[in-house]
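All of the numbers you see were taken from the coordinates with simple rules; none came from a lab. For clarity, every value in this text was computed on a predicted model and none was experimentally measured. Quick reminder, even Gly has a Cβ in these numbers, built from the backbone with ideal geometry, and neighbours come from all protein chains shown.
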Amino acid sequence: MKNTLLSMLDPSSIVYESYAFDTYAVVDGVKYPMLYSDLEEGILEYDMLFKEEKLREKLETVAPFLVKLDFESKVGKEESTALITQCSKNNGAIFFATPLSFAETLQKMRTLFYLYDEQDEMEGVLRFYEPRIFSELMHESNKALHQTFFSQVYAYWCEDITQENTFLKYMYTPEGIGYRSIIIDEESKERDHDI
């Protein structure tokens, strides 16, 4: 069976206790110049990660956006497919599945995005939607940080920047962060790598 990006990200394939999942994307508007106009003209639910009104206005076309993918309605599925296709091969997006509402998911992603110092002063932002963050996170022994990333998240998917047509699926395990390579082709193969 062909393993397509769409089938990989469709939340209906997740069977997990009594939760119903939605799939989201965090997409870098810098790497996808038409993203803002596509979202503005479409039906997918979205918001930018920036909270400050001045930054929202100034960076609206190049901001990182949280987008809720739609696999149920015809138009939503078409727009989600177009977004997934546009995002592949540019290494500027992550996908993830969670049972949280859009508002709760936005709050969680903003928690990951904004960095604070010990005095609770905002000191910068973390571009956590770049795929390399997960390989770095795997080698970080801070369990609290792992739990912050993976709390209420079934899995994250992002491109493998070292292999063409390959996505990595990251999940939290009792041993740490595990991952699975998923080759997007007709003879898809999956390999588990847990630490």
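In table form, for the structure just shown:
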quantity	calculated
Among the listed pairs LYS54/LYS143; LYS54/LYS169; LYS54/LYS77; LYS54/LYS108, those beyond 29 Å (Cα-Cα)	LYS54/LYS143; LYS54/LYS169; LYS54/LYS77
Nearest-0.05 FRET efficiency for MET34 and LYS74, computed from C-beta distance (R0 30 Å)	0.85
Radius 13 Å from Cβ of ILE133, net charge of other residues (Lys, Arg +1; Asp, Glu -1)	-3
Ranked list, fewest to most other Cβ atoms within 10 Å of each Cβ, for MET138, MET34	MET34, MET138
Cβ-Cβ FRET estimate between LEU59 and GLN163, R0 fixed at 30 Å, reported to 0.05	0.40
Label point distance in nm, TYR16-GLU118, each placed 7 Å from Cα along Cα→Cβ	3.5 nm
For peptides 114-122, 60-68, sequence by mean Cβ density within 10 Å, most packed first	60-68, 114-122
Among (1) 24, 22, 16; (2) 33, 26, 14; (3) 65, 17, 12, the entry derived from the coordinates for semi-axes √(5λ) of the Cα gyration tensor in Å	(1)
